[in-house]
Amino acid sequence: MITVTDLRKVYQQGNREVVALDGVSLEVPKGSIHGIVGHSGAGKSTLVRCLTLLDAPTSGSVSINGAELSTSRDQDLRTARRRIGMIFQHANLMDSRTALQNVAHPLEIVRTPKNDIRRRAAELLRLVGLAGFEDAYPSQLSGGQKQRVGIARALASDPDVLLCDEPTSALDPKTTDEILALIQELTQRLDLTVLIITHEMHVVKRVCDSVSLLAGGRIIEHGPLRDVAANLGSELSRTLLPLPASEPLGAGAVLEILYSGERASAPMLTSAARRFGIDLNVLAGSVETLAGTQFGHLRIQLPDGADPAPVAAYFGEQGVSVRLAEKDAV
Ligand SMILES: Nc1ncnc2c1ncn2[C@@H]1O[C@H](COP(=O)(O)OP(=O)(O)OP(=O)(O)O)[C@@H](O)[C@H]1O
């Protein structure tokens with residue numbers, strides 16, 4: 001479990017203060033994967049640096065399985081840091097070393113006995129699906145294979161937490177999915193707590209159990225994937241379940257509806273149309289499964305002059321989220 005409490009980071013730029021993190025609190029349970037998304041400048045890199053204590057937070061605390069990191073000093077801090085494995089966008093392997101030697105590097109630093117290093121590094125390469133590649137040099141490996149070596153290296157210190165900073169941003173879609181599947185498998189197998197910082201919503205959809213949206217150094221939305229997706233109109237819901245742009249067919253009101261689970265759109269639309277004696281036009285729609293729950297997101301238009309209020313109320317009674325679509329979103 002990783003617990004971040006009221007983390008603040010203020011940089012001094014000349015005589016100006018830049019508040020990069022403004023009271024970030026976060027709790028990620030053991031065995032789960034949490035995504036952190038946000039636009040450029042939101043504070044993602046600062047958060048990574050403060051979590052690993054490469055940069056000292058101005059105030060606030062970070063703890064892993066109850067052990068406080070932010071108050072650790074020197075030797076303690078080095079030991080504490082080993083509880084966090086890091087994966088970056090590029091694996092940054094040492095070109096002159098083989099895959100096995102790259103994985104062995106963190107073990108050499110802490111003076112692990114030689115025989116144990118070889119055995120452990122080979123075991124880690126097997127764990128990430130690279131058995132047989134022990135003697136390959138980085139130049140002989142694909143991008144995905146290099147990232148696997150990077151993951152094996154991150155696991156060498158037997159960490160509790162895996163911090164992944166844009167782990168798939170440099171990979172093609174197929175390799176991205178393979179690496180994400182590996183991260184998911186390792187999370188379960190090794191009971192890791194995983195934090196993924198990413199700008200790719202695909203990553204969040206594919207592997208995250210919960211997600212936070214960082215903006216201006218603050219977490220402005222957070223929660224289990226299913227809950228944030230169900231919050232119609234929120235920024236995370238819009239990015240998780242996007243609708244294509246559409247042209248309105250006249251001057252009638254446009255509603256956006258979001259349903260999940262067992263409910264299917266067709267009977268609901270038909271019954272609303274029958275009940276109010278109107279036609280409902282579907283302008284755009286998408287159906288997606290997130291965290292095991294199926295979501296349907298539709299933009300529908302009522303005929304000219306039809307009052308949207310009772311129709312919206314009817315959808316609400318059916319347990320469907322509904323709102324009047326913003327004009328510029330149509
Ligand atoms: N060393 C620093 N000194 C002064 N200001 C900084 C420093 N590092 C970051 N900042 C500022 O803190 C804010 C957050 O920056 P940060 O790099 O954490 O954002 P980010 O979400 O990682 O952005 P990107 O996705 O573009 O990397 C920005 O306003 C940035 O200018």
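Odds and ends about this structure:
- Within the shell defined by Cβ-Cβ distances under 13 Å, the residues around A306 carry a net charge of -2, with Lys and Arg each +1 and Asp and Glu each -1.
- Student exercise, the chain dipole from Lys, Arg, Asp, Glu Cβ charges, in Debye to nearest 20: 920 debye
- Backbone N atoms of region 160-190 closer than 13 Å to the 7 Å Cα→Cβ label point of E235 are not found in any residue.
- Tilt relative to the chain, helix 143-155 - C-alpha long axis, 0 to 90 degrees, to 10: 70 degrees
- Spatial offset of region 117-169 relative to region 217-267 amounts to 38 Å, using the alpha carbon center of each.
- Burial ordering of L130, L54, fewest other beta-carbon atoms within 10 Å first: L54, L130
- Value of relative contact order over the chain, rounded to a whole percent, pairs C-alpha under 8 Å and six or more apart: 18 percent
- 222 nm mean residue ellipticity, helices alone, for the chain (DSSP H n ≥ 4; -39,500 (n - 2.57); rounded to 500): -10000 deg cm²/dmol
- When the Cα positions of I117, P224, Y137 are compared along the charge dipole of the chain, I117 comes out farthest toward the positive end, with charges on each C-beta of Lys, Arg, Asp and Glu.
- Take the chain and mark each of the GluC sites (Glu not before Pro) that is in a DSSP loop with at most 14 other Cβ atoms within 10 Å; the longest unmarked stretch, sites excluded, is 1-261.
- Cα gyration tensor shape for region 243-329, rounded if a/c is under 1.5, else prolate or oblate: oblate
- Tilt relative to the chain, helix 173-190 - C-alpha long axis, 0 to 90 degrees, to 10: 70 degrees
- When each of M268, M201 is scored by the number of other beta-carbon atoms lying within 10 Å, the sequence from fewest to most is M201, M268.
- Dipole check for region 243-329: with +1 at the C-beta of Lys and Arg, -1 at the C-beta of Asp and Glu, and the Cα centre as origin, the magnitude is about 180 Debye.
- Rounded if a/c under 1.5, otherwise prolate or oblate - region 111-187, Cα gyration tensor axes: oblate
- Angle of helix 308-317 to the longest C-alpha principal axis of the chain, folded into 0 to 90 degrees and rounded to 10: 60°.
- Per-residue Cβ neighbour rank within 10 angstrom, fewest leading, T270, T168, T52: T270, T52, T168
- Loop trypsin sites (Lys or Arg not before Pro), region 5-114, which have at most 12 other Cβ atoms in a 10 Å radius of their Cβ (DSSP): R73, R111
- Among I151, L192, S96 - extreme Cα towards positive end, dipole of region 88-197, charges at beta-carbon: S96
- Amide proton proximity set for R218, modelled H, under 5 Å, gap of 5+: D22
Each value in this text was obtained by applying a stated rule to the coordinates, not by laboratory testing. This structure is a prediction, so every number in the text was calculated from the model and none was measured. Note that we place each Cβ from the backbone using ideal geometry, even for glycine, and neighbour counts take in every protein chain shown.
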